[in-house]
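S.K.: Below are the structure tokens for one structure; questions will follow.
We did not get these values from a lab; they are worked out from the coordinates using the rules stated. Computed from a predicted structure; not experimentally measured. For neighbour counting, all protein chains shown are included, and Cβ atoms are generated from backbone atoms with ideal geometry for every residue, glycine included.
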């Protein structure tokens, strides 16, 4: 059995927001099970789609990707999900700076979501959209800041 990995608090980030968050417990031990390639794809989406959202909104976007991997209409791995035509942006061409707190937190959220160690603030959501552009024909699951989540 591999030893557990403890993710440290992010430098310069609000420590109370990290340790008191009901969505992701940064003090929890994480088994290093998440594939780094899948984490990177998910982190890119978190930064691109929800980088301006609160941590809860970033976690919700990550959970949508994870939920899709469990739905037969989508691919079974996060990278394949985000590369499906018409779903997201070109993650392969997007290269956000890797030396920022925003990137480090996106990687932490992606890792925790993929390891199944983060709550889902929008259970059942498979889609999201900017709040200004509703998705007709979908059931609304919730809203977090600028995004509305649907199933």
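S.K.: If you consider only alpha-carbon coordinates, what radius of gyration and Dmax does the stretch 104-151 have, in Å?
M.R.: In order Rg, Dmax, the Cα atoms of the stretch 104-151 give 12.2, 36 Å.
S.K.: In whole Å, what are the Cα extents of the stretch 34-121 along the three principal axes, biggest one first?
M.R.: Its Cα atoms span 35, 30, 22 Å along the three principal axes.
S.K.: Using the 10 angstrom Cβ neighbour count as an exposure proxy, how do 69, 139 rank, fewest first?
M.R.: So the ranking, lowest neighbour count to highest, is 139, 69.
S.K.: Could you please rank 71, 120, 99, placing first whichever residue has the fewest other Cβ atoms within 10 Å of its Cβ?
M.R.: Listing 71, 120, 99 from fewest to most nearby Cβ atoms yields 99, 71, 120.
S.K.: Express in nm, to one decimal, how much length is gained between residue 52 and residue 139 on full extension, taking 0.36 nm for each residue of separation and deducting their alpha carbon distance.
M.R.: So the extension gain works out to 28.9 nm.
S.K.: Between the stretch 121-143 and the stretch 74-98, what is the C-alpha centre distance in whole Å?
M.R.: Going from one Cα centre to the other spans 19 Å.
S.K.: List 49, 77 from most exposed to least, where exposure is judged by having the fewest other Cβ atoms within 10 Å.
M.R.: In increasing order of surrounding Cβ atoms, one gets 77, 49.
S.K.: At 7 Å along the Cα-to-beta-carbon direction for both residue 98 and residue 70, put a label point, then send me their distance in nm to one decimal.
M.R.: Taking the two extended label points, one gets 3.0 nm.
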